[in-house]
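The values are calculated or read from the model by the stated rules, or taken from the named source; none is laboratory data. Just so we're clear, the structure is a prediction, and the values are computed from it rather than from any experiment. Positions of Cβ are backbone-derived with ideal geometry, glycine not excepted, and every protein chain shown enters the neighbour counts. Note: accessible area is taken over every heavy atom of the protein model, side chains too, but ligands, DNA and RNA are not part of it. Shrake-Rupley method; radii C 1.70, N 1.55, O 1.52, S 1.80 Å.
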Amino acid sequence: MPKRKVPPTEMSSESIAPGPRHSKLSESESTDASDAAATPESSDAAQKTKERAERWNALKCRAKKSAEVNRKEVYAERRRQAVDPSETSRLNRKRDEAEFKLAKAEAEDDGEDFERKRAWDWTIEESERWDKRMEKKKKHVEDVAFQADYTQTARKIYKKQLRELQPDLESYAAEKAKLIRDGTIVETEDGELIAVDRDGEFYADTNSLGFIDNKPSKGAVDRLVGDLKKAEDARMRRRKGGDEEDVTYINDKNKQFNQKLARYYNKYTGEIRDSFERGTMV
């Protein structure tokens, strides 16, 4: 049986040209998808660019501020170098003296005791510490005067070494704890338990021999060697120059002062001193 032909008017538009319409839809969908994918990437790039610009501006501001601070410090240092420290100290000392004299004059005009009025500014403890300090300073000034007594000189050196001595408190505490742990425990009449050092290794007396087995630490040995070397260097400095040098000084400070004078004035006074030694000075 032959098939019936469909008339052209009954054919749908989809059956006439299906290919081109499907291709247009796929192109539009791919374009929308690519735009959607490109939009987040472009926004992220813009955000990163903005952050970099902000960091760059912050660094520029910081560099500018640092340059200004450095410039101010340089100018301040230049002003400090232009001012003589000794002149500043002299002006401050004169100002303090003027204030002291003014306060004393005002107290005398008012009929008040100036020393008592000054004492109101300090507590009793501060006043006692100040008096003790002044007394110690006075003794020190009297003690450093020139003396020919070698016993006094040795005593001053000994006291200076005591001031410079730095005891090892940690080792002392460790040895004391060892004594309490290993020592002989004795009960006193009051019932108190104490640790007794029988061998005299920690609490030594005239009959103790425990120091024979004592081995000093490396730090203590180095400190002793350093003190001996310092004393030897001081002796060598005093003996430097030998018998050929004229002794025109009484101590090291006076020697340094004389050497400084000699550097500046020997070229002017050399002929006069030679004339004095020859006895031909007119």
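Cβ-Cβ distances below 8 Å connect the following pairs, each with a first residue in the stretch 96-115 that is without any contact (Cβ under 8 Å) to a residue 12 or more places away in the chain, a second residue that is open to solvent by less than 100 Å² (accessible area, probe 1.4 Å) and acidic (Asp, Glu), and a separation of six or more residues or different chains: 107/113.
Looking only at residues in the stretch 226-282 that are within 29 Å of residue 165 (Cβ to Cβ) and hydrophobic (A, V, I, L, M, F, W, C), which one is modelled with the lowest pLDDT?
Top of the filtered list is 234.
Residues are listed down the side, and each one gets a yes or a no for (1) modelled with pLDDT of 90 or more; (2) under 28 Å from the mean Cα position of the chain (by Cα); (3) open to solvent by 100 Å² or more (accessible area, probe 1.4 Å); (4) β-branched (Val, Ile, Thr):
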site	(1), (2), (3), (4)
40	no, no, no, no
43	no, no, no, no
46	no, no, no, no
50	no, no, yes, no
59	yes, no, no, no
79	no, yes, yes, no
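From the list 90, 21, the one residue that fits, being open to solvent by 70 Å² or more (accessible area, probe 1.4 Å), at pLDDT 50 or above and not aromatic (Phe, Trp, Tyr), is 90. The single condition among (1) farther than 30 Å from residue 231 by Cα; (2) open to solvent by less than 100 Å² (accessible area, probe 1.4 Å); (3) modelled with pLDDT under 75 that residue 174 does not satisfy is (3).
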